[in-house]
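I have placed the structure first, in the form of structure tokens, so that the comments after it can refer back to it.
The values are calculated or read from the model by the stated rules, or taken from the named source; none is laboratory data. Keep in mind the model is a prediction, meaning the values are calculated, not measured. Please note: Cβ atoms are built from the backbone with ideal geometry, for glycine as well, and neighbour counts cover all protein chains shown. These accessible areas exclude ligands, DNA and RNA; they are computed on the full protein's heavy atoms, side chains included. Shrake-Rupley method; radii C 1.70, N 1.55, O 1.52, S 1.80 Å.
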Amino acid sequence: MVPLAMTRHNGEVTGALIDRDQYAALAHGVYLNQASLGLIPRAAIDASTRFLTEVAQHGNLRLSDEAEAAVLDGLRAEAATLLGAPEEAIAVIGGAGEGLSQMAALLSSPDGEVVLIDSDFPSVTYPWLAAQQRLGMGIRWVVDDPGCDMTEALTEAISDRTTVVCVSAVQFATGSQVDVPALVSHARRVGAYVVVDVTQLAGAGPVAMSDWGADALVCSGYKWLSAPTGVALLSVSEQLAAATPAIVGWKGTPAPFDFHPRELMLAPDARRYELSSMSYSAAAGLRASIGLLSDTGLDAIADHARTLGKQLLDSTAPLGWVPYRPIDGRSACAHIISLRHPDAVAADVQPWLVREHHINVSARVGGIRVSLHAYNSTEDVHALAAALERYLAASL
Ligand SMILES: Cc1ncc(COP(=O)(O)O)c(C=O)c1O
């Protein structure tokens with residue numbers, strides 16, 4: 001059956017950029033929810049389970065101490081290219097919250113003040129709230145107001161008191177986007193550090209840590225990077241790669257299997273932020289996924305989302321659905337679009353879409369949050385638009 005909205009949209013039809021057979025869920029429904037629990041391609045699951053099976057069944061017979069010491073080297077190299085940073089800047093960690101907490105523990109002080117977005121993901125704000133409780137660190141909150149440029153709102157909040165700015169490059173709930181280079185250049189004027197969570201950007205579009213000049217980037221693996229949970233990336237400046245982390249572990253030493261319990265020996269680079277024997281199988285999956293995304297091309301993936309995003313808005317605007325911000329503005333990204341309707345409650349629409357149409361989106365802060373990744377196509381967008389049309393027809 002031709003979806004209703006298809007008849008309204010006369011533009012080109014855009015196919016998926018990555019083979020949809022890589023994702024079992026796509027055989028049964030429409031997945032527009034990569035910003036939540038990202039689908040993992042079969043290639044990454046194979047890499048992950050292969051590693052897990054080898055080590056689970058054969059232990060040190062298949063993973064010697066030497067091999068374990070080098071087990072994350074390949075991922076660090078791929079991650080460096082992905083994040084636009086040198087390899088020495090990269091640490092492989094267990095979760096974004098861990099990296100953000102490391103940075104907050106290092107950069108907080110009793111007389112410091114951090115600029116945060118008040119609707120940012122809690123992993124980004126909590127470490128600073130803890131620093132406030134422990135040390136009395138000051139916090140300056142900025143609002144993600146669709147009527148204001150996100151970057152301008154942040155730069156206006158930066159003052160002589162600011163010591164750190166910590167934000168997500170793309171806001172998880174609304175898709176609002178920060179112009180990171182502009183933010184960094186402003187923060188530099190007052191000597192403030194800039195810590196950026198790129199969890200909702202990396203894998204959906206290009207990231208360029210060195211060009212941006214940010215002090216630290218943190219990225220969880222299970223969203224747009226399409227990896228299993230339990231692995232994330234931290235990328236730090238040369239200065240932070242030489243600092244003593246607030247939290248350390250045996251895997252942060254230059255040669256972990258040399259064991260020097262009475263002497264704190266720290267790796268000469270960002271590896272000093274690595275703590276424990278983390279989920280190597282998740283890391284193997286992440287490496288495979290980054291390979292797939294990089295081969296597809298991050299610019300191509302971003303362009304793809306923009307094309308689909310415009311198709312989505314063309315199809316849903318006549319029905320009265322409005323995006324949180326105009327898609328072509330500086331403060332919007334195209335791969336997370338939050339749609340709102342004056343007569344629809346997102347928290348009701350979301351389960352109805354799953355139940356009636358097998359369409360997965362999230363309901364976040366009053367909007368239907370639609371994620372557009374490389375495996376999505378015009379057909380997915382039209383299926384959603386048609387379902388939203390039916391929802392309104394049935395409920396009004
Ligand atoms: C911006 C952002 N950062 C971090 C996280 C969570 O990452 P982790 O579970 O690795 O701490 C999320 C999850 O939605 C997120 O949206």
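What the table below lists for this structure:
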quantity	calculated
In segment 367-378, the residues that are touching a strand residue (DSSP E or B) at 6+ places or on another chain (Cβ under 8 Å) and either modelled with pLDDT under 95 or not in a loop (DSSP other than H, G, I, E, B) (or both)	Gly367, Ile368, Arg369, Val370, Ser371
Segment 355-374, subset over 17 Å from Ser176 (Cα atoms) and without any contact (Cβ under 8 Å) to a residue 60 or more places away in the chain, residue least open to solvent (accessible area, probe 1.4 Å)	Glu356
Among (1) open to solvent by 10 Å² or more (accessible area, probe 1.4 Å); (2) modelled with pLDDT of 95 or more, the one test that Leu396 misses	(2)
Residue within segment 317-329 that is in a helix (DSSP H, G or I) and buried (at least 23 other Cβ atoms within 10 Å of the Cβ) present	no
The listed residue being away from the ligand (no atom under 16 Å from the Cβ), open to solvent by less than 20 Å² (accessible area, probe 1.4 Å) and among the polar types (S, T, N, Q), out of Thr125, Thr162	Thr162
Test: residue in segment 6-20 that is touching a residue at least 24 places away in the same chain (Cβ under 8 Å), within 18 Å of the chain's Cα centre (by Cα) and open to solvent by 40 Å² or more (accessible area, probe 1.4 Å)	no
Matching residues in segment 187-209 - criterion: being away from the ligand (no atom under 11 Å from the Cβ) and either at pLDDT below 95 or small (Gly, Ala, Ser) (or both)	Ala187, Gly191, Ala192, Gly203, Ala204, Gly205, Ala208
Residues located in segment 375-391, provided they are closer than 21 Å to Pro351 by Cβ, of a type outside the set (Gly, Ala, Ser) and surrounded by fewer than 23 Cβ atoms within 10 Å (Cβ to Cβ)	Glu389, Arg390, Tyr391
Flag for Ala334 being under 21 Å from Val207 (Cβ atoms), part of a helix (DSSP H, G or I) and at pLDDT 95 or above	no
Where a residue in segment 61-78 is under 16 Å from Asp269 (Cβ atoms) and its partner, wherever it lies, is in a loop (DSSP other than H, G, I, E, B) and at pLDDT 95 or above, with Cβ under 8 Å and at least six apart	Ala69/Ala255; Leu72/Glu274
Exclusive hit being surrounded by fewer than 23 Cβ atoms within 10 Å (Cβ to Cβ) and among the hydrophobic types (A, V, I, L, M, F, W, C), set Ala187, Ala169, Ala157	Ala157
Hey, Leu266 under 15 Å from Ile90 (Cα atoms) and open to solvent by 20 Å² or more (accessible area, probe 1.4 Å) or not	yes
Identity of the residue in segment 223-244, assigned to a helix (DSSP H, G or I) and of a type outside the set (A, V, I, L, M, F, W, C), that ends up nearest to Ala24 (Cα to Cα)	Glu238
Identity of the residue in segment 68-99, open to solvent by 40 Å² or more (accessible area, probe 1.4 Å) and part of a helix (DSSP H, G or I), that ends up farthest from the ligand (Cβ to nearest atom)	Ala69
Members of segment 210-236 found to be more than 16 Å from the ligand (Cβ to nearest atom) and in contact with a strand residue (DSSP E or B) (Cβ under 7 Å, 6 or more places away or on another chain), listed by number	Asp215, Val236
Within segment 172-184, tally of residues that are farther than 26 Å from Val365 by Cα and open to solvent by 10 Å² or more (accessible area, probe 1.4 Å)	2
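The rows are residues; the columns are (1) surrounded by 16 or more Cβ atoms within 10 Å (Cβ to Cβ); (2) without any contact (Cβ under 8 Å) to a residue 40 or more places away in the chain; (3) closer than 21 Å to Ser371 by Cβ.
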| residue | (1), (2), (3) |
| --- | --- |
| Lys223 | yes, no, yes |
| Ser237 | yes, no, no |
| Arg271 | yes, no, no |
| Leu293 | yes, no, yes |
| Asp299 | no, no, yes |
| Leu312 | yes, no, yes |
